[in-house]
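Input: a single structure, listed below in C-alpha cells.
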Amino acid sequence: MQNIKDTIRNNSKYLRKSLPDNTKKLFDNIIFERFKYNFNISQNEIYAAYISTSVEVDTSKIIKFLINNSACVCLPIIHPFSSNQLIFQQIDKNTKYSKNNYGIKEPTLKKSKIITSSNIQKIIVPLVGYNSEGRRLGMGGGYYDRLYSQLSTECVTIGLAYDLQYNFNFKHDKWDMPFDYVLTPSKTLNWKNHDITSK
Ligand SMILES: Nc1nc2c(c(=O)[nH]1)N(C=O)[C@@H](CNc1ccc(C(=O)N[C@@H](CCC(=O)O)C(=O)O)cc1)CN2
Ligand SMILES: Nc1ncnc2c1ncn2[C@@H]1O[C@H](COP(=O)(O)OP(=O)(O)OP(=O)(O)O)[C@@H](O)[C@H]1O
C-alpha cells in the first residue's frame, strides 16, 4: 500500500505536469525575475543549483545569470557508489555532461572540480511540493534530506516552485529539508527562524 507521503507526492507531480507549456514558460520567467530581484550575487559566491527536467521550474536562465555575475556555480551529481548521496561539482564553459540513472543531465565527474557541500553558500533546490512551514517534499530518494545535514548552518536554501506545488496536507518528517525561501510565480515566501531540531 502507498503511504500518505507517496500519495501526496504523486498528486503534486500530476499537478505539476498539467501546466500548459506556454503558462510554464511565463511562470519560469517570472520566477527568474523574482530570483534576480531577491538575491544580490557577490563575486565567487558559491551557489549550488540543479539542471531542471521538463516538468521542473527551468533553471537555465538562473544558471547563466549566476555565471555572468561571477558566482561559482556547482551542480549535483549522484554519487557513483555511496547510495543516495549527492556530490556537487563546479561548472564552467568546458564542463562535459552526461545523464544519470534517472535520465537527468549532470556534469561528468571530475575530481578537481568537486565542491565540499559545507562550502555551499546558497542552494537552489528542486522540489515536488512544499508546506506552510516551508518544508520540502522531493522525488522520494532522500538525496536532499541527506545533503541537508552536510550543509553549513549559514547556507541559504531556496526552492523554486509553481503555486500549485503548495500542499496543505503534507505533514513533513523531521528530516525533510527546510527552505529559507520558496519563489513562486505569485509570491516570495520566506521562513525566518525555522524551528529545526534535526540540525
Ligand atoms: N533536476 C533534478 N535533479 C536532481 C533531483 C531532482 O529532483 N531534480 N534530485 C532530487 O532528489 C536528485 C535525483 N533524485 C531523483 C529521485 C527519484 C527519481 C525518480 O523516481 N524518477 C522516476 C521518474 C520520475 C517521475 O516519477 O516523475 C524514475 O526514474 O522512474 C528521480 C530523481 C538529484 N538530481
Ligand atoms: N538524513 C538522512 N539519513 C538517512 N536517511 C534519510 C535521511 N533523510 C531521509 N532519509 C530516508 O530517505 C528516504 C526518502 O525520504 P523522503 O521521502 O523524505 O525523500 P525526498 O526528500 O522526497 O527525496 P529527494 O530529496 O531525493 O528529492 C526515507 O526513507 C528516509 O528514511
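Across the stretch 130-148, the qualifying residues are those that are open to solvent by less than 50 Å² (accessible area, probe 1.4 Å) and among the charged types (D, E, K, R), and the one among them that is nearest to ligand 2 (Cβ to nearest atom) is ASP145. Kindly establish whether SER18 is within 30 Å of ILE114 (Cα to Cα) and surrounded by fewer than 18 Cβ atoms within 10 Å (Cβ to Cβ). Considered against the rule, which asks whether it is within 30 Å of ILE114 (Cα to Cα) and surrounded by fewer than 18 Cβ atoms within 10 Å (Cβ to Cβ), SER18 comes out as no. Determine whether the stretch 99-107 contains at least one residue that is free of Cβ contacts under 8 Å to residues at least 40 places away in the same chain, in contact with an Asp or Glu (Cβ under 9 Å, 6 or more places away or on another chain) and not β-branched (Val, Ile, Thr). Checked the stretch 99-107: at least one residue is free of Cβ contacts under 8 Å to residues at least 40 places away in the same chain, in contact with an Asp or Glu (Cβ under 9 Å, 6 or more places away or on another chain) and not β-branched (Val, Ile, Thr).
Here's the yes/no breakdown for (1) within 12 Å of ligand 1 (Cβ to nearest atom); (2) open to solvent by 90 Å² or more (accessible area, probe 1.4 Å); (3) assigned to a strand (DSSP E or B); (4) farther than 22 Å from ALA161 by Cα:
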site: ASN22; (1), (2), (3), (4): no, yes, no, no
site: PHE32; (1), (2), (3), (4): no, no, no, no
site: THR95; (1), (2), (3), (4): no, no, no, yes
site: GLY103; (1), (2), (3), (4): yes, no, no, no
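Got a sec? Which of ASP6, ASP28 is over 25 Å from ILE115 (Cα atoms), more than 16 Å from ligand 2 (Cβ to nearest atom) and assigned to a helix (DSSP H, G or I)? Explain how you work it out, then say what you get.
Working: ASP6 fails: more than 16 Å from ligand 2 (Cβ to nearest atom).
Among ASP6, ASP28, only ASP28 is over 25 Å from ILE115 (Cα atoms), more than 16 Å from ligand 2 (Cβ to nearest atom) and assigned to a helix (DSSP H, G or I).
Restricting attention to the stretch 73-92 and to residues that are within 16 Å of LYS122 (Cβ to Cβ) and more than 11 Å from ligand 1 (Cβ to nearest atom), the residue that is most open to solvent (accessible area, probe 1.4 Å) turns out to be GLN90.
I'd like the residue in the stretch 38-56 that is of a type in the set (A, V, I, L, M) and in contact (Cβ under 8 Å) with a residue 60 or more places away in the chain and, out of all such residues, is surrounded by the most Cβ atoms within 10 Å (Cβ to Cβ). Full working, then the answer.
Residues of the stretch 38-56 of a type in the set (A, V, I, L, M): 41, 46, 48-49, 51, 55.
Still in the list and also in contact (Cβ under 8 Å) with a residue 60 or more places away in the chain: 46, 48-49.
Values: ILE46: 18, ALA48: 27, ALA49: 24.
In this case the residue turns out to be ALA48.
Residues that are part of a loop (DSSP other than H, G, I, E, B), closer than 28 Å to THR184 by Cβ and among the aliphatic types (A, V, I, L, M) are absent from the stretch 72-90 altogether. Taken residue by residue, the stretch 143-165 has no member that is part of a loop (DSSP other than H, G, I, E, B) and modelled with pLDDT under 95. Only one of the listed residues (LEU127, LEU151) is surrounded by 13 or more Cβ atoms within 10 Å (Cβ to Cβ) and within 12 Å of the chain's Cα centre (by Cα). That residue is LEU127.
Listed by first and then second residue, the pairs linking a residue in the stretch 8-22 that is without any contact (Cβ under 8 Å) to a residue 24 or more places away in the chain and on the phi < 0 side of the Ramachandran plot to a residue that is within 16 Å of ligand 2 (Cβ to nearest atom) and outside any helix (DSSP H, G or I), with Cβ atoms under 6 Å apart and 6 or more places separating them unless they lie on different chains, form an empty list. Which residue is most open to solvent (accessible area, probe 1.4 Å), if the candidates are limited to the stretch 105-124 and must be aliphatic (A, V, I, L, M) and in a strand (DSSP E or B)? Restricting to residues being aliphatic (A, V, I, L, M) and in a strand (DSSP E or B), the top hit is ILE114.
The values are calculated or read from the model by the stated rules, or taken from the named source; none is laboratory data. Everything numeric here is computed off the predicted structure, so don't read it as measured data. Quick reminder, even Gly has a Cβ in these numbers, built from the backbone with ideal geometry, and neighbours come from all protein chains shown. The area values use the complete protein model at the heavy-atom level, side chains included, leaving out ligands, DNA and RNA. Shrake-Rupley method; radii C 1.70, N 1.55, O 1.52, S 1.80 Å.
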